[in-house]
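S.K.: Sharing a structure below in structure tokens format, with a few things to ask.
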Amino acid sequence: MKNPKDCKIVKDLLPTYVDKLTSDETNIFIENHLKECDNCRESFENMSSNNEHNENNSINKRKVKIFKKINHKIRILQAIIIVIVLIFLIIVIRKYLILNHVETMAENTDFSNYYLKIVESTDRVTNRIDYYQNGDNFFKIQTKININNKIEKYIEYKFNGNQYYYSEIDGEEISNEVERDVEPFVPYQFLNKSLLGNIGLALFPNTLEETSLYKKACYLLKVDNYFNFIDKETGLTIKEINIDNNMVIDYSYSFGSVTNEMMQELIKQCTDK
Ligand SMILES: [Zn+2]
């Protein structure tokens, strides 16, 4: 039967019992007492519901902590991704602007008076072109060693309305025409002429770098095995290299240097022979 002394003992033990820290023997003693004593049972029920609440609370607190940690990590990751994307965008936009700038410079070049020397060599041919232009007058002489090791020579000019075309192979005259239509030379320029082309080039990594060539500050445009050195000052190509066919082409420009007297002298030299 219920012993009032037990009540005091049980009340003392209840907190430990609720926390499930009491021994099996004690548990039996407490449980037997609780069955008989309404007062102690009430205390026990109050305590255990409080304890449950506390447990739930601490679980929730732990959950919140974990969420905060995860959230913090996600924020850091987001920040890193944003920084990477920004850096990538800045690089791409900068490249795109450079390519457009180079194109615009090349397009706006005044080709009304200039001398251009092109020296080209590939697996198959070597080729040299000297081109002089002053207004509508131009003079072009080309010497080419072809695949059969034969030397081809072409001269063409338009001077004060007169046109002339001459060609020979290994010193043997092939053609000598006074009235043949000749066209002024269009110098090679790096020109994509398309927005998408430049965006594409800008998007690819390592397609554009700054370098120098023949003491000139250059942009080096690289596409696979093709290298194009572009003069920063003029936007014009000064060297092309294509590793696939061992092609090397050098371009040297001299603007505003060509006079009609110079051209007359060149014409005299080549028609005197
Ligand atoms: Zn009791």
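Derivation of every value follows stated rules applied to the coordinates shown; laboratory data play no part. It should be emphasised that the depicted structure is a prediction, and the values quoted were computed from it without experimental measurement. FYI the Cβ positions are ideal-geometry reconstructions off the backbone, even for glycines, and counts take in every protein chain you see.
S.K.: Long-range amide H contacts for ASN113: which residues qualify at under 5 Å (H placed 1.01 Å from N, peptide plane, sequence gap of 5 or more or a different chain)?
M.R.: GLY135, GLY256
S.K.: Sequence gap at least 6, Cα distance under 8 Å: using those rules, report the relative contact order of the chain to the nearest whole percent.
M.R.: Working: 387 pairs, mean separation 41.2, N = 273.
RCO, the chain: 15 percent.
S.K.: Could you compute Rg(Cα) / (2.2 N^0.38 Å) for the chain, with N its residue count? Display every interim value, and only then the final one.
M.R.: Numbers: Rg = 44.7 Å, N = 273, 2.2 N^0.38 = 18.5 Å.
Dividing the Cα radius of gyration by 2.2 N^0.38 Å gives 2.41.
S.K.: To continue, here is another question. Name every cysteine in the chain that ends up alone, with no second cysteine's Cβ under 4.7 Å, or say none.
M.R.: CYS7, CYS218, CYS270
S.K.: For the chain, set up a GNM with springs between Cα atoms under 10 Å and report which of ASN162, ASN108, ASN27 has the largest fluctuation.
M.R.: Among ASN162, ASN108, ASN27, the largest GNM mean-square fluctuation belongs to ASN27.
S.K.: A further question follows. In terms of Cα to Cα distance under 19 Å, which lysines are near enough to LYS5, apart from those fewer than 8 places away along the same chain?
M.R.: Counting by Cα, and skipping residues close in sequence, LYS5 has these lysines nearby: LYS35.
S.K.: How far is helix 24-36 tilted, in degrees, relative to the longest principal axis of the Cα atoms in the chain, given as a value from 0 to 90 rounded to the nearest 10?
M.R.: Tilt relative to the chain: about 60 degrees.
S.K.: So, one more: With θ taken as phi - 60° and the coefficients 6.51, -1.76 and 1.60, list the Karplus ³J(HN,Hα) couplings across the stretch 53-64 in order, rounded to whole Hz; mark glycine and proline as x.
M.R.: Result, ordered by residue: 4, 4, 4, 4, 4, 6, 4, 4, 4, 5, 4, 4 Hz.
S.K.: Using alpha-carbon positions, what is the distance between the centroids of the stretch 27-64 and the stretch 129-155, in Å?
M.R.: Measuring centre to centre over Cα atoms gives 105 Å.
S.K.: In sequence order, what are the phi-derived ³J(HN,Hα) couplings for the stretch 156-165 according to the Karplus relation 6.51 cos²θ - 1.76 cosθ + 1.60 with θ = phi - 60°, rounded to whole Hz, with x for glycine and proline?
M.R.: Karplus-based 3J(HN,Hα) across the stretch 156-165 equals 9, 8, 9, 9, 6, x, 8, 10, 8, 9 Hz.
S.K.: I need the phi-derived Karplus couplings for the stretch 6-18: 6.51 cos²θ - 1.76 cosθ + 1.60, θ = phi - 60°, integer Hz, Gly and Pro marked x.
M.R.: 4, 3, 5, 5, 4, 4, 5, 7, 3, x, 5, 5, 4
S.K.: Please compute the alpha carbon radius of gyration of the stretch 125-272, then divide it by the globular-protein estimate 2.2 N^0.38 Å. Two decimals is fine. Working shown, then result.
M.R.: Working: Rg = 18.5 Å, N = 148, 2.2 N^0.38 = 14.7 Å.
This ratio for the stretch 125-272 stands at 1.26.
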